[in-house]
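Worksheet: the structure to be examined is printed underneath.
The values are calculated or read from the model by the stated rules, or taken from the named source; none is laboratory data. All values derive from a computational prediction rather than experimental measurement. Glycine gets a Cβ as well: all are built from the backbone with ideal geometry, and neighbour counts include every protein chain shown. Only protein heavy atoms, including side chains, enter the accessible area calculation; ligands, DNA and RNA are left aside. Shrake-Rupley method; radii C 1.70, N 1.55, O 1.52, S 1.80 Å.
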Amino acid sequence: MPERIDTDSRKLLGRLRDALAEDSAGQARLNRIVHLIATSLQTEVCSIYLFRDPETLELCATEGLQPEAVHQTRMRLGEGLVGQTARRKKVINTANAPAAKGFRYMPETGEERYSSFCGVPIQRLGNALGVLVVQSKAAREFTPDEVYALEVVAMVLAEMTELGAFLGEGAALSARHKQPVLFRGGVGQEGAVEGRVYLHEPRVVVTNPISDDPVAELARLREAVEKLRGSVDDLLTQTSTVSAEQVQVFEAYRMFANSRSWMRRMEEDVQSGLSAEAAVEKEQSLARTRMSQAEDAYLRERLHDLDDLSNRLLRILTGQGKDTGAALPENPVLIARNIGPGELLEYGKQLRGIVLEEGSVGSHAAIVARAWAIPLVINASGITTEALNGDQILVDGEQGIVHLRPDDNVTSAFRDKIAMLAKAQERYTSIRDLPAQALCGSVVQLNMNAGLMADLPSLAGSGAEGVGLFRTELQFLVRNQMPRRSELSALYARVMNAAGGKRVAFRTLDIGSDKVLPYMKPNDEPNPAMGWRAIRVGLDKPGILRMQLQALIRAANGRPLTVMFPFIAQYDEFRAAKAEMFKALEREEILGHPLPARYEVGAMLETPSLAFAPDAFFDEVDFVSVGGNDLKQFFFAADRENERVRRRYDTLNISFLGFLEQIVARCAAAGKPLSFCGEDAGRPIEALCFAAIGFRSLSMRPASVGPVKHLLRRVNLDEVKAVIDTARNSGEQSVRGAVMDWLARQT
Ligand code: PEP
Ligand code: MG
């Protein structure tokens, strides 16, 4: 073991612990700490700078500089050696500070007299909180042992800052996680709500950064690492149920979990007086910093693995599981880095809002949020590290803005906004039972998309005429095991009952892509969106498709039935799927079950290829429903879940509109009903243009029916069509601008 064990760092930590245990106010504590460090390291100056706001550091305590400079001296991030230490998140140690690049002279502190400078970032998990600085008159570099001692102390300071130990009167002393923060993200689902934060994966809270007994602490650390190694080995033994990619990740976990150098560094830290948790976090912080600076994607991934592994170890040490038992607050707003549709469904409709650090508009989790009409903001960078369980939060899904811990002014302005939106909702309610008839006389049928029993009450409330898309896979995603036929049939019967005779288009299972069933072996596919999904699975392994069709026929129990098959790319797939429907009908008849009075079998057009299918397809199909989410991603070759590329291509791009017109023409020629059921149908401007080019049926999330109907009733679709034609003839790539301008001119 290194000879550091009984060196200054351990003694220093012991004193620090005593200082922190004293019941003093934030400022007094800080003063005591800088004094302690200066005496222990026998250096003239020790100062602590903390962030006042994300761009400004403030001198919060000093031993050796002019006391009047405290709370007066400030610097921007990157300014002077202190600012640079914070920006780079790296130690700056120099014997000749005035000669160092970036040195800034601060007369108010009297600092020109000091030659050596050592700045150590105070950071927690990659987030800079401040800088700890020591300076001395003598021109000397601080020794590695001294720097190490400062790093250990900075680690403790970071933990204590997080815990609010330095909360005092001054604004700069307010701990992180106490101040208001605004996040600008992207709109996932409109609407505005006020609520309280609920973290999907809460951070582990370390309350004891300094240990009393390094020997016992070392034993705790070793025991936890043993457990961790065991759990990683367990992960690897389940390889039959995980993909090759996951195995690779677990292998990397194993490599880190058995890494000697990782263990050695943590052991050293514990022997220097840190608690086991603080030692793990110190390593994790380093990894995070390197992760943010690594250019190499592979290295970043590996550092990410190490980060994950550290979290696992912290959970073992603290006993704080993924589920910390924190109760869901009133009006919960879920905060997550990202979330799959299955996990989201587990929360149910009780959520008031959702904010994702990553996420994308085209994901199925976003679709679920939209179906529930829960405001969703995506790409709110930094929110998972800033938000704490129970924090007040305002989610503005209209603008993609989130106010965390807002001040009173913001809250009251926001409440006005909520009231205004509620007023608009009232306006939609007043036209709920009227048809979506445009001024030219054309009527557009507005249906809603659904997937859960809980969606059905919206059928009456929204003014939708039926369910244009019932995503049956959502029922499979909310369960831990494959539902039985009898369960499915009972559920579908309940859906039909709740629809009260209105048409429900049941789409057979569309799994694969981002919809992974927890109880099915995942497929290791390089590109699941274009892989073995939807009807491809249904036809290759027809067991589930047959069970579903049987369940639907039994649920109809003599009532009319509408079924549509997802992701039909060519005619023979439709024929084969329809043959399964016939077989199921025959079988049910033999078994003595009543057959549906009428049935329609439709196809979802989600790949461009189907638009060019032989006429025989259009003659045979009972109806076509355009799955615009998938169709658009394949038309533009732009992943619907990748925000970066998704936004490049406007749905109202004339290329896409022209393509949709061809589909309208083919269905019209064959006399087949056509509908559009992707998310774009629920966006008023898009819906307007679809109606103008000939769509007479649109299916959307329930909350969109009102706004779309409101707009359609105000316009003449022939005029809109003329605007679209003029725009495309003028060389515009998208007709959006022209349509918006025209709308603005209407009264
Ligand atoms: C679509 O692709 O537009 C569609 C409605 O299906 P899903 O979003 O479920 O893939
Ligand atoms: Mg689709």
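Do the conditions hold for F635, that is, is it open to solvent by 20 Å² or more (accessible area, probe 1.4 Å), within 16 Å of ligand 2 (Cβ to nearest atom), modelled with pLDDT of 95 or more and in the same structural domain as R507 (by TED's automatic domain parsing)? It is true that F635 is open to solvent by 20 Å² or more (accessible area, probe 1.4 Å), within 16 Å of ligand 2 (Cβ to nearest atom), modelled with pLDDT of 95 or more and in the same structural domain as R507 (by TED's automatic domain parsing).
Taking residues in region 352-370 that are within 19 Å of D391 (Cβ to Cβ) and in contact (Cβ under 8 Å) with a residue 40 or more places away in the chain, and partners anywhere that are among the β-branched types (V, I, T) and part of a helix (DSSP H, G or I), the pairs with Cβ atoms closer than 6 Å and at least 6 places apart or on different chains are V355/I383. Here N409 meets the list (1) part of a helix (DSSP H, G or I); (2) polar (S, T, N, Q); (3) surrounded by 14 or more Cβ atoms within 10 Å (Cβ to Cβ) almost entirely, failing just condition (3).
Yes or no, residue by residue, for (1) over 19 Å from A450 (Cα atoms); (2) hydrophobic (A, V, I, L, M, F, W, C); (3) open to solvent by less than 20 Å² (accessible area, probe 1.4 Å); (4) not assigned by TED's automatic domain parsing to the domain that holds S697:
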residue: P483; (1), (2), (3), (4): no, no, yes, no
residue: S486; (1), (2), (3), (4): yes, no, no, no
residue: L491; (1), (2), (3), (4): no, yes, yes, no
residue: A498; (1), (2), (3), (4): no, yes, no, no
residue: F506; (1), (2), (3), (4): no, yes, yes, no
residue: M547; (1), (2), (3), (4): yes, yes, no, no
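Is there a residue in region 171-188 that is within 30 Å of H364 (Cα to Cα), open to solvent by 60 Å² or more (accessible area, probe 1.4 Å), at pLDDT 85 or above and in a strand (DSSP E or B)? Taking every residue of region 171-188 in turn, at least one turns out to be within 30 Å of H364 (Cα to Cα), open to solvent by 60 Å² or more (accessible area, probe 1.4 Å), at pLDDT 85 or above and in a strand (DSSP E or B). Criterion applied to A99, A138, A128 was being open to solvent by less than 30 Å² (accessible area, probe 1.4 Å), modelled with pLDDT of 80 or more and at negative phi, and the one residue passing it is A128.
Would you confirm, using the coordinates I've provided, whether A703 is under 16 Å from F656 (Cα atoms) and either open to solvent by 30 Å² or more (accessible area, probe 1.4 Å) or part of a helix (DSSP H, G or I) (or both)? No. Which ones in region 507-521 are modelled with pLDDT under 75 and either within 11 Å of ligand 2 (Cβ to nearest atom) or under 22 Å from the mean Cα position of the chain (by Cα) (or both)? Correct list: S513, D514, K515, V516, P518. Among the residues of region 586-625, just one is surrounded by fewer than 16 Cβ atoms within 10 Å (Cβ to Cβ) and among the aromatic types (F, W, Y), namely F612.
Scanning region 517-536 for residues that are of a type outside the set (D, E, K, R) and surrounded by 18 or more Cβ atoms within 10 Å (Cβ to Cβ), we see that the one that is farthest from ligand 1 (Cβ to nearest atom) is L517.
Could you tell me how many of the residues in region 556-572 are touching a residue at least 12 places away in the same chain (Cβ under 8 Å) and away from ligand 1 (no atom under 16 Å from the Cβ)?
Pass one, region 556-572, residues touching a residue at least 12 places away in the same chain (Cβ under 8 Å): 556-571.
Now restrict to residues that are away from ligand 1 (no atom under 16 Å from the Cβ): 556-561, 570-571.
Count: 8.
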